[in-house]
Amino acid sequence: EHRLAESERLIRASEAYLKCIISDAREGLTAYDTDLRFTLWNPYMEELTGIPGSEVVGKRLEERFPWFGETPYPGNLKKVLAGETRESDDIPVELSIKKKKIWIRCIASPLSDHEGNRTGVIGIVQDITQRKEAELALVAATDALKASEEKYRNVFEAKNNPLVLIDAETRKIIDTNEAAAALYGYTREEMPGMDILDLSGEPEKTREVVDRRIPRVPLRYHRRADGTVFPADITIAYFTLDGRSVMILSIRDLTGVQQADDALRIANLKLNLIIGVTRHDVLNSLTALLGYNVILKERRLDPATEELLDKQEKLLLAIKNHIEFTRGYDDLGVKAPVWQNIKKTSAQAYAQFINTIEFSCETGDLEIYADPMLEKVFYNLFDNAFRYGEGVTKIRLYGEMDGTDLLLCFEDNGIGIPEEEKSRIFARGVGKNTGLGLFLTREILAITRITVAETGEYRKGARFTIRVPRGSYRLLK
């Protein structure tokens, strides 16, 4: 019975994992039974077409999309049932719901069960609209260039980004404009015939870009004639010119951008240094003031003066507490965001408290892309629950999907937060301690476009929902 229960648990986990893959896939997934009726229409297909799965599942391809009958695709599906894998040509699709035209490419393969019996067809639908439009635009541009050499020269020689025309097969430079020659420090006569790898500070990576025909590289390092290396953003267009495959590289020098980033990083480090020195000096002065306050209180004073000294001491301690609290946020926004494991990071934050409150994390190998101070986010959420939870005995952290966003839910079984307080708790200065904990929690997450809100029900527990946008979360296993 125990082994059976464990097997059922593993099966449920496997099913949940497969559902997550199907739900999160950024390509269309479809499936058909042996009668070629739809059995799967994943969320990406709903997003791409605007058609819900309920209107598709159970119907034949030609029944739901009559225009497909004019293409070879339905016939190819029958061949796939016989054991072949088929790939379609580029197919134009008019989406009446979204009132736009897209291009798709379909790949269909046989689908079998664990015993090898043919159960249908699995299909991958790729949205190639951007590529197709770029190809059509390049074809149109190429036709125009062929029609008029003068127009071609005017475009190529315009005062724009450096442009390099190379042979896609040999990687040899065919032509450049003046901007490219000036950027690399060569004359225009020297560059034709050079290998594009001669301009690269990372030849192996550049070879991979050319061989794989990657359309854009946001950061690559190139080399000038004098040997200096500079960062560059490169956009590549592929087309056929005079019967041969060529590439046009549009290169943007990122030296100024990188220098600005470096200057900002150094400024932040210096600012943090100044803040640290200032904090140290202020704390020393506060310590002296508190000492003088104690000395005054030891003298025989009238009750009114003693009361004033007590109030003064409380204010001095409050100032000291605020200053000490900010020490943990010196590096906020200084270091670049990184991928961080939720289970590990939250456990590290929980370990900093001495308590008997149970904590469970159900996120598995989930990671999110966030500021390195993410641990401080969970520390503040734990601290908030321990201080104000009123009867909290259990805290739970888990994830769930909301469309393409991931929701991380941090909930407890305490008193919760009244409805009228939910909109105020993240404001600066709200709270019984420093009033900065939840405020800074929100700011740390906002650095990588992550939001947080309190969504619990009063008297049933607090729940902080952290919304992570698509692209900022991943499941390693």
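The values are calculated or read from the model by the stated rules, or taken from the named source; none is laboratory data. Just so it is clear, the structure is predicted and the values come from calculations on it, not from any experiment. Cβ: placed from backbone, ideal geometry, glycine included. Neighbour counts: every protein chain shown. Accessible surface areas use protein heavy atoms only, side chains included; no ligands, DNA or RNA. Shrake-Rupley method; radii C 1.70, N 1.55, O 1.52, S 1.80 Å.
Among the residues of segment 93-109, count how many are without any contact (Cβ under 8 Å) to a residue 60 or more places away in the chain and open to solvent by less than 60 Å² (accessible area, probe 1.4 Å).
Step one: filter segment 93-109 for residues without any contact (Cβ under 8 Å) to a residue 60 or more places away in the chain, giving 93-103, 105-109.
From what's left, open to solvent by less than 60 Å² (accessible area, probe 1.4 Å): 93, 95, 102-103, 105-109.
Number satisfying all stated conditions: 9.
Taking segment 190-218 as the search range and keeping residues that are assigned to a loop (DSSP other than H, G, I, E, B) and at pLDDT 90 or above, which one is least open to solvent (accessible area, probe 1.4 Å)? Working first, answer last.
Taking segment 190-218 first, the residues assigned to a loop (DSSP other than H, G, I, E, B) are 190-194, 201-202, 213-215.
Still in the list and also at pLDDT 90 or above: 190-194.
Working: 190: 101, 191: 0, 192: 56, 193: 49, 194: 30 Å².
Ranking the candidates gives 191 first.
Scan segment 110-131 residue by residue and report those that are in contact with a Gly (Cβ under 8 Å, 6 or more places away or on another chain) and either without any contact (Cβ under 8 Å) to a residue 40 or more places away in the chain or open to solvent by 40 Å² or more (accessible area, probe 1.4 Å) (or both).
Listed by number, the residues that qualify are 110, 111, 118, 124, 127.
What are the residue pairs meeting all of these: first residue in segment 220-233, first residue small (Gly, Ala, Ser), second residue open to solvent by 50 Å² or more (accessible area, probe 1.4 Å), Cβ atoms under 8 Å, and 6 or more apart or on different chains?
Final answer for the pair search is 225/185; 225/186; 232/219; 232/221; 232/252; 232/253.
Given the criteria at pLDDT 85 or above and closer than 30 Å to residue 79 by Cβ, does residue 120 qualify? Explain how you work it out, then say what you get.
Working: at pLDDT 85 or above: yes; closer than 30 Å to residue 79 by Cβ: yes.
Judged against the criteria, residue 120 is a match.
Considering only segment 413-428, I want to know if a residue exists there that is surrounded by fewer than 16 Cβ atoms within 10 Å (Cβ to Cβ) and among the hydroxyl-bearing types (Ser, Thr, Tyr). Walk me through how you get there before you give the answer.
Let us first name the residues in segment 413-428 that are surrounded by fewer than 16 Cβ atoms within 10 Å (Cβ to Cβ), namely 418-421, 423-424, 427-428.
Checking the rest, the ones that are also among the hydroxyl-bearing types (Ser, Thr, Tyr) come to 423.
Yes, because at least one residue in segment 413-428 is surrounded by fewer than 16 Cβ atoms within 10 Å (Cβ to Cβ) and among the hydroxyl-bearing types (Ser, Thr, Tyr).
What helices (runs of 4 or more DSSP H), lying completely within segment 1-65, carry at least 3 residues that are farther than 25 Å from residue 105 by Cβ and open to solvent by less than 70 Å² (accessible area, probe 1.4 Å)? Give the derivation first.
Details: elements: 2-24, 43-49, 61-64.
Hits in segment 1-65: 2-24.
Would you point out the residue of segment 373-405, among those that are in contact with a strand residue (DSSP E or B) (Cβ under 6 Å, 6 or more places away or on another chain) and open to solvent by 70 Å² or more (accessible area, probe 1.4 Å), that is farthest from residue 443 (Cα to Cα)?
Applying the first criterion (in contact with a strand residue (DSSP E or B) (Cβ under 6 Å, 6 or more places away or on another chain)) to segment 373-405 yields 374, 381, 385, 389, 392, 394-400, 405.
From what's left, open to solvent by 70 Å² or more (accessible area, probe 1.4 Å): 394, 396, 400.
Working: 394: 26, 396: 23, 400: 23 Å.
Among those that are in contact with a strand residue (DSSP E or B) (Cβ under 6 Å, 6 or more places away or on another chain) and open to solvent by 70 Å² or more (accessible area, probe 1.4 Å), it is 394.
Give segment 219-249 a look and list any residue that's open to solvent by 30 Å² or more (accessible area, probe 1.4 Å), closer than 19 Å to residue 165 by Cα and of a type in the set (Gly, Ala, Ser), or say none.
Correct list: 225, 243.
Does residue 246 satisfy the condition of being over 20 Å from residue 178 (Cβ atoms) and β-branched (Val, Ile, Thr)?
Working: over 20 Å from residue 178 (Cβ atoms): no; β-branched (Val, Ile, Thr): yes.
Criteria not met by residue 246.
Checking residue 141 against (1) at pLDDT below 85; (2) in a loop (DSSP other than H, G, I, E, B); (3) surrounded by 15 or more Cβ atoms within 10 Å (Cβ to Cβ), which test does it fail?
Failing condition for residue 141: (2).
Restricting to segment 4-49, count the residues that are under 22 Å from residue 61 (Cα atoms) and not acidic (Asp, Glu).
Residues that pass the stated criteria total 22.
Answer yes or no: is there a residue in segment 459-472 that is more than 27 Å from the chain's Cα centre (by Cα) and surrounded by 17 or more Cβ atoms within 10 Å (Cβ to Cβ).
At the first step, the residues of segment 459-472 found to be more than 27 Å from the chain's Cα centre (by Cα) are 459-462.
Next cut, surrounded by 17 or more Cβ atoms within 10 Å (Cβ to Cβ) only: 461-462.
Yes, some residue in segment 459-472 is more than 27 Å from the chain's Cα centre (by Cα) and surrounded by 17 or more Cβ atoms within 10 Å (Cβ to Cβ).
Taking residue 253 as the residue in question, decide whether it is more than 23 Å from residue 137 (Cα to Cα), of a type in the set (D, E, K, R), in contact with a helix residue (DSSP H, G or I) (Cβ under 7 Å, 6 or more places away or on another chain) and in contact (Cβ under 8 Å) with a residue 40 or more places away in the chain. Give the steps one after another, and end with the answer.
Details: more than 23 Å from residue 137 (Cα to Cα): yes; of a type in the set (D, E, K, R): yes; in contact with a helix residue (DSSP H, G or I) (Cβ under 7 Å, 6 or more places away or on another chain): yes; in contact (Cβ under 8 Å) with a residue 40 or more places away in the chain: yes.
Yes; evaluated as a whole, the condition is true for this residue.
Out of the residues in segment 76-92 meeting the condition of being more than 37 Å from the chain's Cα centre (by Cα) and surrounded by fewer than 11 Cβ atoms within 10 Å (Cβ to Cβ), tell me which one is farthest from residue 34 (Cα to Cα).
Step by step, filter segment 76-92, then rank; the result is 83.
Give me a count of the residues in segment 362-372 that are assigned to a strand (DSSP E or B) and open to solvent by 20 Å² or more (accessible area, probe 1.4 Å). Break it down into steps so the answer makes sense when it comes.
Taking segment 362-372 first, the residues assigned to a strand (DSSP E or B) are 366-370.
Still in the list and also open to solvent by 20 Å² or more (accessible area, probe 1.4 Å): 367, 369.
Result for segment 362-372: 2.
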